[in-house]
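A short write-up of the structure that comes next.
The values are calculated or read from the model by the stated rules, or taken from the named source; none is laboratory data. Predicted model, so just to flag it, every value in this text is computed and none were measured. Ideal geometry is used to build each Cβ from the backbone, glycine not excepted, and the neighbour counts take in all protein chains shown. For the accessible areas, the whole protein counts, side chains as well, though only heavy atoms, and no ligand, DNA or RNA atoms are used. Shrake-Rupley method; radii C 1.70, N 1.55, O 1.52, S 1.80 Å.
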Amino acid sequence: MKLAKLAKSAISVGLVLLGCLLAAAPAGCGGGGTSGTGNGVASASGSDGTAIPANATFPDTLPSLRLTSTSAGVQQTVPLTVGQAFPPALLQPADGLVGQMSDGSQVPVQVDAKATHADGSIRHALLSTVVPALGPGQALTMQLAKGGRSSAAAAIPGPLLDAGFTASVNILVDGIAYSASADALLRSGGFSTWVAGPQASEWLMSAPLTSAAGTAHPHLQARFSIRHYPAANRARVDVTVENAWAFAPAPRNFTYSVQVLVGGRTVYANPQLVHTHHARWRKTSWWGGEPEIDAAHDAAYLMASRALPRYDPSLQISGAALSALASGWTGPKTEPMGAGQANPSMPDPGGRPDIGLIPGWAVMYLLSADRGARAVTFGTADLAGSWPIHYRDQQTGRPVSLANYPYMTLLGKDTDTVNPATGRAEAFPACGGDCSSPNTPDSPHQPAFSYLPYLLSGDHYHLEELQFWTMFNLFQDNPGFREAGKGLFKPDQVRGQAWSMRTLGEAAWITPDQDPLKLQFAGFLSNNLDWYIANFPANPNANRLAILDTNEYAIEYDGGVGVAPWQDDFFTSAIGRLDELGFVKARPLLSWKATFAVRRMTDPGFCWIFGSNYTLKVRDSASSPLYPSFSEVYRASAPAQAGLPCGGAAMAASLGLQPGEMVGFSATNIGYPSNLQPALAYSVNAGAPDAGSAWDVFMKRQVKPDYSDGPQFAVVPR
């Protein structure tokens, strides 16, 4: 597999066991309040390493959903399931919910809790209901309220099967017909339960695609998620076909014809689908008729609950940009093995909307609730399966884990993968044919495909996508450099470390409590945070600039003397995101990292106009120590402007800019000042010294971007 980094030779290391879970931070290192002014001490801590800050402000009411009929006719018994995040202490596992409709009616709401906060309250759940009736284009607000107690009825598929439900996948590959049947799996009891209750039940199943002779295909597998709404006599059918076994011999691409049948009706067909190795594709349809309903979450509520970053609440998304986004959602990029809205070649340079804490198109949907933007957001998340990063363990049936194979890797020689504890190589099998792919993954430019879609939908597919990408980031590097099973990100580019930490933290936060991967993710996150803390905030010899000088990638610019501030800002914003989610070990690292962002705006020896320069020189030569002061950085990086009044007309003229305009494409929403904004916002949240002043300087600059058509960096302090 082609990756955007140099292969590294292995070094001999001993077996490293999975690290300890995140522990409570020292007093004063808990998450800050919503306003960003506090340094509250954690009042409770959970096994995933998160804590509830004592002085944080959270919503004290339950959220609402905006339900809109997308049908031109009257609909009866309209089923609905969504994912929903809740702030701490608000909803307990025993609490029941009802939906109070704006027309005065009330509906029961089934709660399937998945993840909990440190105090035991519900963090994330799937909510299911059936709306009795919706008129043409009718819009209703459903306000959630407590009512009764939560109770789950037995989830049995008998009534669905008795009603005549069938669903299957049929393929013809290498001249042999293979198939898999969801109804046969339901009849045999070969399923696990994802949702259970009187409103809806959902069953997860997997099976190899099997020939008429009973021979299972060695690589291709079908997976089904069948969600049944008994009151509506309807079922959502979620079909995924995978070419993803981690250790099956001779993996390769397969070209086949495929047909997906639901209730005897063809819902998807492709006469020549090229299915690349370690990739998967997904199609959803309905048995009994698809409900035409749009459910819009309260974005302000989700941001206030800290499940999402706080984007500028005053921002209005451009209607023209939304129309262009929707009209462009067509063609091969939207089909299996397509990349959707993402760049199929992740390592390509340049700013683009898929780079950020959340992709630009997803933030556009979040802030607008536009249906076209939703189609792009969820469609691109479906197509995250197109990249060759999906390695499923045949022993566990789950994404392959570094906890089980600490020496597996995509970089290095087979001898690098020998586990000294077992004496066995953990290398993935060599390609057995064509292993080309139109999609090239990496970590330095990796979008956050799946966190937001899983948060809002609760779909198991999106959860596993988040987990697959998290594990890919952990095992892609050579085990000698990542310290084997510790899964350290330090060998990567600074921006790669940033997005890997973001993805790992979100996976640890939202993965269901009962999923064994949750505590594994928490352990890997603990390992990384421990390493960063030991080498930076707890290291008396750490550099005075608070830059991430972890490896040769960090200071590779200008002949080995310069750093890319924007990459470092990505890392600071990712650590701020972890702090926002409540990971207590993130706070001391964020407080230390904030110095680099804040001092570029406030240090008296550094002109803030250059805080967003593409590179900054931080030493005299590749073998010299780093400068101890920002004034030295400034003089070395901007010698022609160092003697001019900061931000004045003379400086602007020398740079060809307007007075008060920052360098680095200040007017664009993907420019380097935009990259800096989330880092400054999270510095304010952490209560870092002078962070408020830095934010004031930044917001008073004369030239700012228009975030209405690209809001991925429009993060503001809490």
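With 28 Å as the limit, write out which pairs from Lys333/Lys704; Lys413/Lys486; Lys333/Lys413; Lys333/Lys593; Lys413/Lys490 have Cα-Cα distances beyond it, or answer none.
Among Lys333/Lys704; Lys413/Lys486; Lys333/Lys413; Lys333/Lys593; Lys413/Lys490, the Cα-Cα distance tops 28 Å for Lys333/Lys704; Lys333/Lys413; Lys333/Lys593.
What 222 nm value per residue comes from the helices of the chain, counting each DSSP H run with n ≥ 4 as -39,500 (n - 2.57) and dividing by all residues, nearest 500 deg cm²/dmol? Don't jump to the answer; show the numbers that get you there.
Values: 17 runs with 184 residues, N = 718.
Computed mean residue ellipticity for the chain: -7500 deg cm²/dmol.
What spacing in nm lies between the two simple spin-label points modelled at Ile176 and Arg149, each 7 Å away from Cα in the Cβ direction?
Spacing of the two 7 Å Cα→Cβ label points: 5.4 nm.
Which residue, chosen from Pro447, Pro516, Ile52, occupies the Cα position most advanced towards the positive end of the dipole of the chain, where the dipole is computed from +1 (Lys, Arg) and -1 (Asp, Glu) charges on Cβ about the Cα centre?
Highest projection toward the positive end goes to Ile52.
Can you give the charge dipole size of the chain about its Cα centre, rounded to the nearest 20 debye, using +1 on the beta carbon of Lys and Arg and -1 on the beta carbon of Asp and Glu?
220
What residues from region 585-623 fall in the zone where the backbone N is under 18 Å from a label point 7 Å along the Cα-to-C-beta line of Val703?
Within reach of a label on Val703: 607-615.
Specify, per residue and in Å³, the volume enclosed by the convex hull of the alpha carbon atoms belonging to region 575-695. Let's see the in-between values first.
Working: hull volume 14.0 nm³, N = 121.
Spread over its residues, the Cα hull of region 575-695 gives 115 Å³ apiece.
Could you calculate the FRET efficiency of Glu552 with Ala324 from 1/(1 + (r/R0)^6), where r is the beta carbon distance between them and R0 is 51 Å, rounded to 0.05?
On the way: r = 40 Å, r/R0 = 0.79.
Efficiency at R0 = 51 Å is approximately 0.80.
Put a dot 7 Å past each Cα toward the Cβ at Trp286 and Lys413; how far apart are the dots in nm?
5.8
Can you give the FRET efficiency to the nearest 0.05 for Thr77 and Ala622, using r as the Cβ-Cβ distance and R₀ = 56 Å?
Efficiency, rounded to the nearest 0.05: 0.20.
Using 0.36 nm times the number of residues separating Ser192 and Tyr614, minus their current alpha carbon distance, what extension gain do you get? Intermediate results must be reported in sequence, preceding the final value.
Details: separation 422, 0.36 × 422 = 151.92 nm, distance 5.08 nm.
Going from the current span to full extension adds 146.8 nm.
Please compute the per residue accessible area over the chain with all protein chains in place, 1.4 Å probe, rounded to a whole number of Å².
Per-residue value: 34 Å².
For Lys700, list the aspartates and glutamates whose Cα falls under 15 Å from its own Cα; do not include residues on the same chain fewer than 8 positions away.
Correct list for Lys700: Glu661.
Mind checking region 224-319 for trypsin sites (Lys or Arg not before Pro) that DSSP puts in a loop (not H, G, I, E or B) and that have at most 15 other Cβ atoms within 10 Å?
Within region 224-319, the qualifying trypsin sites (Lys or Arg not before Pro) (loop, at most 15 other Cβ atoms within 10 Å) are Arg252.
Efficiency by 1/(1 + (r/R0)^6): what FRET value for Ala231 and Asp513, r their Cβ-Cβ distance, R0 = 51 Å, to the nearest 0.05?
Efficiency at R0 = 51 Å is approximately 0.95.
What does the C-alpha gyration tensor say about the overall shape of region 608-676? Classify as rounded when a/c is under 1.5, otherwise prolate if a/b is larger than b/c, or oblate.
Since a/c reaches 1.5 but b/c is at least a/b, the shape of region 608-676 is classed as oblate.
For Arg398 and Ser105, calculate 0.36 nm times their separation in residues minus their Cα-Cα distance, and state this gained length in nm to one decimal.
101.3 nm
Sorting check: for 313-324, 109-120, 410-421, which peptide has the highest mean count of neighbouring beta carbons within 10 Å, and how do the rest follow?
109-120, 410-421, 313-324
Considering only Gly559, Val130, Trp281, whose Cα is most displaced toward the positive end of the charge dipole of the chain, charges sitting on Cβ of Lys, Arg (+1) and Asp, Glu (-1)?
Towards the positive end, the residue furthest out is Gly559.
Calculate the dipole size of region 547-627 relative to its Cα centre from +1 charges on Lys and Arg beta carbons and -1 charges on Asp and Glu beta carbons; express the result in debye to the nearest 20.
Rounded to the nearest 20 debye, it is 260 debye.
By how many nm would the segment from Arg424 to Arg544 grow when fully extended, if each residue of separation counts as 0.36 nm and the alpha-carbon distance is taken off?
38.8 nm
Rank by packing, highest mean first: peptides 398-405, 678-685, with packing defined as the count of other Cβ atoms within 10 Å averaged across residues.
Highest-to-lowest ranking by the protection proxy: 678-685, 398-405.
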